[in-house]
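What follows is one structure encoded as structure tokens, with my remarks underneath.
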Amino acid sequence: MSSEETKRPVKVHDFKGTWLPSVDPSLIGENYSAMANLAPGQNGLEGVPGYSKITATPLTTYLKPRSGIQLRGKHETLSRIFLHAENADETASAVLQQIAAASADDVPNPKDFEASPIHTDAPGAGLGRFSKWPNNQIAYCNGKESLIYGGDEILPAVFMVADSPMTDALTNAVDYTEAVRNDLQTAGNIAPIGSVPDDATKLLIPMTGSPGDAISDYSASAHGDATKVGTADLSLAKSKFGTGSLNTPANGDGITYADHADWDPPTDNKITYETQDYLPSITNALASGSVVFTDNGASPDTIVVDGDQTGLPWLAAGRCIGAAGIGGPWTIASTSYDSGTSKTTITLDAAETLATQTVTCVIGECLSVMGRYQDASNYWFVYFLAGSGYIFSCMLSGVEKSGHINAHHAAGWNHVSVLCDGAKLYSTVNGYFEQASTGAATFAAWAAALAIGRTQRGASSYTGAIGCYFEQGRVSHTNRWAADFSPPDAPYRTKAIVWVIGSTRPIQGVKYYLSTVNSLSGQTISGKQWNGSEWSPLTITDATAGLTFSGKSTTFASTVATAKPKLLSGRLYYFYQFELSGGEADIYKVTVDAPMQPIRDLWDGVLRPVVAFRHYKDGVWINDTMNVLEETAEGVTADAAYVASVGGLDATEHIDIGTAERACAFKITMYERETGYVNTNVVTMTVHCWTGFGYAAPDGQVDGTKPADGKTLSQSGFLSWTPPAPGEEFQREEFGDTFWYYRLTFNGALSVNVYIDKVEAVPAAQLNNAAYKFPFLFQNRAMLCNLASTGEGNRVDFPATYTSEGWNGEDSSFGDGKGPLYIGGDEELTCACEIYNRLGSSIYTFALFFKDYETHILNGYDSDTYKAYPINSKIGCPAPLTLDTYTLFDSKEQQSSRSIAAWLSYSGPYLFDSGGLTPLHGVECYFDRNDPRCVNWPAISAARGWFDPDYPQYNLLIPSGQDQPTNNVWLCYDLIHNRWFPKVPAASLENPYPGAVIRVADSANRQYIYGTRDNGHVMRLGHGTTWDGEDIEQYVETGEMLPSGHLFDQVKMTMLKVLVKPLPLTESRILTVTLYRNGSETGQVIAAIPLEDTARFIKFTRKLAHDRAWSLRVRFSSVTNASLKGLQLLSWGYKFSIEGEDSQ
């Protein structure tokens, strides 16, 4: 901007001109033909900050970084910075890391990088590219490898504690996964290791585990294994704390312990009996109505209710019922409906002590919990009566001491106990403490077994708990509670000397945070990994010294090459088991160390339907596919028409199962609703995979349908195996369909009636060491782009959202019927970014994908909604690491903001803003093929670009000039003033221009920019008052000015006036003003002004004497090394005189 008084020849300029390097100086007047290290500001021009080292020791072998990223830790390590760096002759590359474990080392403080690489790239690797991925992970691709890393402390996927080492399944496993994935040290957030029950505990039976496992006592009394009655067994269908629980599917099922003095009260009469009880239903009760009870003497008694109730399953023969205030439980023999009277008669299976009467009451289902029975005059038991609650019935020497109803129940799990405080009886349900005896009463010493799930109320009368589940049975010689309490939120402690850790990928160490350390010194931790066929031992270095130190690790050699996923308790992970030799400790948090390694693919947890199921019997193939897709419908009894009836298959016959995805396990659900339809012969089942030439048995087979008695297909369970390596298993065509086929064979004959009700598959890994060019994160979904290993440069793959390992299933591009994204034509993708616009409360997010000459936009949020659209077929991004985004705020009033993206194209720098591409004009000379300053096109990928975190400025580094291999020009675009300006590091420095740029953040999430130089040093950009110790030279030079405005005038500048901000007194510097005439490169110093002062600004005036000229050019320059903003130019002006006409 300029102004001129009409009565005297004066020109006044502010320093708000534009640098125009592409325009001849004779055409730009007071704008700038040259400048360095001066940026546009609110007041004019001001000096730019320099850069300073954050590494005292330079990188050595791999000393030329080309890209990088930061990973901020969530545990003890505060920050990690990773660099992809090349060696001196650029023939090999690696990933280096800086680790900040203390605040003094954290960003932005100086810290050297580790001497040893965290990863050495495969031969032939290209530019290494990083991206943040879900769950605080970092992805890395280089065209030969696709890797992932999350630091040495990532949270485990599974943490379970058990009683003893396992081969195929855990014993009394308790799942503490959620407890150890946080920092809390409160109840319910601690995993006890190596502890034992207290002295008051006389029986402790977790009742957890897998079908067929023993139910054992873990108290010091060591009462051994419970006796399973009927079909009672452990089941994986339900669990409160551990893996599995006791299931009682039929009436009379349960467990018992023979009579023992520990079941009797001690001398002080204080005793507590308790368990966790799962109620399948709490609504199995009739509406209150008129009920007729009839005492039939020695014959079975009857109960008559209104309406037709014969269709109610809980009123079927063998079930138990009761009525609050009347009595029960009573076992049903039969039900019948009389349409004439519209009444249902319930006939009981024995003569009960019913009084003939008609009363209004509620008839409900009875489900037993626990109790003891000596005889008809001495017993106690607890049962649930639907419509009422938990009833505690106690008879002592023929006198009823309790019939109390505690109604604080809920559907699902309930904590139930009965106890004596030495004088009275009490009942608790879910922590509600209620007196149960009408007066003084205690339990007595009886000759009676202790039962759970099955209770006795007469010489031959039993109450069952059909469909119920039980956990955590305990008998204590004390009254555990004396008032309302919070029910247990964790399992009771057993010896718990083994723990199992599941990880989403192979690991090399585990760190333990302890709320209580092991007080027993000299103990050790041993460990094993699952290698696909067996549990192989680990050689452990234990810095915890047997869990005596908290925050320390157990480490071992990397298992990346040896560990394999294993299906355990219905979950597929990389599993490790550890054992403490002695003592006890409490763990409140666990992290695992998974080294940088190929990206893994693990089952997403959704079972897949099989697509083919046939069995070969007596020379005939029988197709059961439709029968195994769903379980037999409720209300349908056993029928071969609805199941796969494979009974009688022998060693010469088999089952073939087809899946759409490669599998590693089948969940086989047997028809167990009725007895007699599972295999009863001792037979082993083996799965085989198709190798392309025949069927072969894979390693690591575990048959969960075969309990300890060795009878396969005798219960529901998983059949799992370690899938063959990629390239060793193939699809097969059978019956006109091509699927992944698996053959099940037997080493003997199955029993006659064996019904398989449903079969589902667990997929094996779908993503197998594929090599992509770059990773990306879109809407918190990981993406892999440009599949170099197959030449599909426009391909994009993605896992399930919020994961980095779920590369399978319907939410993944590898899911059955899904597929990758293909952006545009076959041309390779080069880079991508996420953009959003916010208007009020609405946020619109999309992605930009680039090729060398194309730009595409991706909209949508999953595989079904993703749509890619081309937005420019001429402009792309051949310099992928120049792409960066920035957020602009439009207005406070409209509460709107938007993201913009900037990058370098073959046509120069471009901006994407609100749906359109806009060139950033002003530096065209660097992209003009006829200009010697033109970017070296073969090296354009070396260019780097980024937005400054503190100023709305886009920085661009380019290799300028023919055959220039590295960056040597630094351009900056100011979004506020819409102007370019250059930064020029000191020429005396070795490799002064950055070759890589990394955005980092401190503990408060304030951002900084690090840059790397090819001399091995890492710099903090935009920091300090020097270029790595060298002065910052600042200058600005105008174009050729015509003071009078006419080409024909000869003029003289007679007086100069400059307004500038002073430097502090500690920095003595000179502002030099040089005048150039008639386009000459030789100038005349017309002023040299000291800059140090204490005033708000310096104003100086100089009278001038020089030869006449038709054009004038002025240069202002200085150097600084101590002032934050260096040279700050405010305005300037001059007087001139017209000396004559320029006629030449």
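Worth pointing out:
- Of the residues making up the range 542-562, those that are within 15 Å of residue 576 (Cβ to Cβ) and either assigned to a strand (DSSP E or B) or over 28 Å from the mean Cα position of the chain (by Cα) (or both) are 542, 553, 554, 555.
- Selection count, the range 134-181, where residues are touching an Asp or Glu at 6+ places or on another chain (Cβ under 9 Å) and of a type in the set (Asp, Glu): 4
- Subset tally (residues that are within 19 Å of residue 372 (Cβ to Cβ), surrounded by 15 or more Cβ atoms within 10 Å (Cβ to Cβ) and not hydrophobic (A, V, I, L, M, F, W, C)) for the range 386-405: 6
- Of all residues in the range 815-824 being surrounded by fewer than 23 Cβ atoms within 10 Å (Cβ to Cβ) and either charged (D, E, K, R) or in contact with a strand residue (DSSP E or B) (Cβ under 7 Å, 6 or more places away or on another chain) (or both), the one that is farthest from residue 856 (Cα to Cα): 816
- Some residue of the range 56-65 being modelled with pLDDT of 95 or more, closer than 18 Å to residue 999 by Cβ and under 35 Å from the mean Cα position of the chain (by Cα): yes
- Condition met for residue 980 (touching a residue at least 60 places away in the same chain (Cβ under 8 Å) and either basic (Lys, Arg) or not in a loop (DSSP other than H, G, I, E, B) (or both)): yes
- Strands (runs of 3 or more DSSP E) lying entirely in the range 193-306 (those with 3 or more residues that are in the same structural domain as residue 412 (by TED's automatic domain parsing) and not aliphatic (A, V, I, L, M)): 245-248, 254-257, 270-279
- All strands (runs of 3 or more DSSP E) inside the range 756-842 with 3 or more residues being of a type in the set (D, E, K, R): 792-797
- One residue from 502, 473 being under 24 Å from residue 255 (Cβ atoms), in contact (Cβ under 8 Å) with a residue 12 or more places away in the chain and under 40 Å from the mean Cα position of the chain (by Cα): 473
- Considered as a group, the residues in the range 757-785 that are within 17 Å of residue 148 (Cα to Cα) and of a type outside the set (A, V, I, L, M, F, W, C) include one that is surrounded by the most Cβ atoms within 10 Å (Cβ to Cβ), and that residue is 772.
- Candidates 1115, 1102, filtered to the one that is surrounded by 13 or more Cβ atoms within 10 Å (Cβ to Cβ), in contact (Cβ under 8 Å) with a residue 24 or more places away in the chain, more than 17 Å from residue 15 (Cα to Cα) and in the same structural domain as residue 30 (by TED's automatic domain parsing): 1102
- Among the candidates 512, 573, residue that is in contact with a Lys or Arg (Cβ under 8 Å, 6 or more places away or on another chain), of a type outside the set (D, E, K, R), surrounded by 21 or more Cβ atoms within 10 Å (Cβ to Cβ) and over 20 Å from residue 76 (Cβ atoms): 573
- Matching option when the condition is farther than 23 Å from residue 279 by Cβ, part of a loop (DSSP other than H, G, I, E, B) and in contact (Cβ under 8 Å) with a residue 60 or more places away in the chain, among 410, 355, 351: 355
Here is a yes/no grid of residues against (1) in a loop (DSSP other than H, G, I, E, B); (2) modelled with pLDDT of 95 or more; (3) touching a Pro at 6+ places or on another chain (Cβ under 6 Å); (4) under 30 Å from residue 553 (Cβ atoms):
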{"site": "465", "(1), (2), (3), (4)": "yes, no, no, no"}
{"site": "469", "(1), (2), (3), (4)": "no, yes, no, no"}
{"site": "480", "(1), (2), (3), (4)": "yes, no, no, no"}
{"site": "502", "(1), (2), (3), (4)": "no, yes, no, yes"}
{"site": "505", "(1), (2), (3), (4)": "yes, yes, no, yes"}
{"site": "512", "(1), (2), (3), (4)": "no, yes, no, yes"}
{"site": "518", "(1), (2), (3), (4)": "yes, no, no, yes"}
{"site": "522", "(1), (2), (3), (4)": "yes, no, no, yes"}
{"site": "526", "(1), (2), (3), (4)": "no, yes, no, yes"}
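- Verdict on residue 1038 being touching an Asp or Glu at 6+ places or on another chain (Cβ under 6 Å) and either at pLDDT below 95 or of a type outside the set (A, V, I, L, M, F, W, C) (or both): yes
- The range 421-449: number of residues that are buried (at least 22 other Cβ atoms within 10 Å of the Cβ), over 44 Å from the mean Cα position of the chain (by Cα) and assigned to a strand (DSSP E or B): 2
- Residue 678 vs. criteria assigned to a strand (DSSP E or B), surrounded by fewer than 23 Cβ atoms within 10 Å (Cβ to Cβ) and among the aliphatic types (A, V, I, L, M): no
- Criterion violated by residue 212 - all others in (1) closer than 20 Å to residue 669 by Cα; (2) buried (at least 20 other Cβ atoms within 10 Å of the Cβ); (3) under 37 Å from the mean Cα position of the chain (by Cα) satisfied: (2)
- When the residues of the range 180-198 are filtered to those that are small (Gly, Ala, Ser) and surrounded by fewer than 21 Cβ atoms within 10 Å (Cβ to Cβ), the one that is nearest to residue 496 (Cα to Cα) is 195.
- Subset of the range 357-373 [over 17 Å from residue 301 (Cβ atoms), of a type in the set (A, V, I, L, M) and buried (at least 24 other Cβ atoms within 10 Å of the Cβ)]: 367, 369, 370
- Residues in the range 781-798 include at least one that is under 29 Å from residue 505 (Cα atoms), within 20 Å of the chain's Cα centre (by Cα) and of a type in the set (Asp, Glu).
- Boolean, residue 730 is closer than 26 Å to residue 605 by Cα and in a strand (DSSP E or B): no
- Yes/no for residue 658 being part of a loop (DSSP other than H, G, I, E, B), in the same structural domain as residue 714 (by TED's automatic domain parsing) and either aliphatic (A, V, I, L, M) or farther than 19 Å from residue 749 by Cα (or both): no
- Residue count for the range 996-1018, restricted to those that are crowded, with 18+ Cβ neighbours inside 10 Å and either in contact with a helix residue (DSSP H, G or I) (Cβ under 7 Å, 6 or more places away or on another chain) or in a strand (DSSP E or B) (or both): 10.
- Cβ separations smaller than 7 Å between residues 6+ apart or across chains give the following pairs from the range 701-716 residues that are among the acidic types (Asp, Glu) to residues that are crowded, with 23+ Cβ neighbours inside 10 Å and part of a loop (DSSP other than H, G, I, E, B): 703/712.
- Any chance residue 246 is among the hydrophobic types (A, V, I, L, M, F, W, C), under 49 Å from the mean Cα position of the chain (by Cα) and surrounded by 23 or more Cβ atoms within 10 Å (Cβ to Cβ): yes
- Enumerated strands (runs of 3 or more DSSP E) restricted to the range 890-970, each holding at least 2 residues that are more than 22 Å from residue 996 (Cβ to Cβ) and either assigned by TED's automatic domain parsing to the domain that holds residue 857 or among the polar types (S, T, N, Q) (or both): 896-905, 908-913, 916-919
The values are calculated or read from the model by the stated rules, or taken from the named source; none is laboratory data. From a predicted model like this one, the values you see are computed outputs, not experimental measurements. Note: ideal-geometry Cβ built from the backbone for every residue, glycine included; neighbour counts use all protein chains shown.
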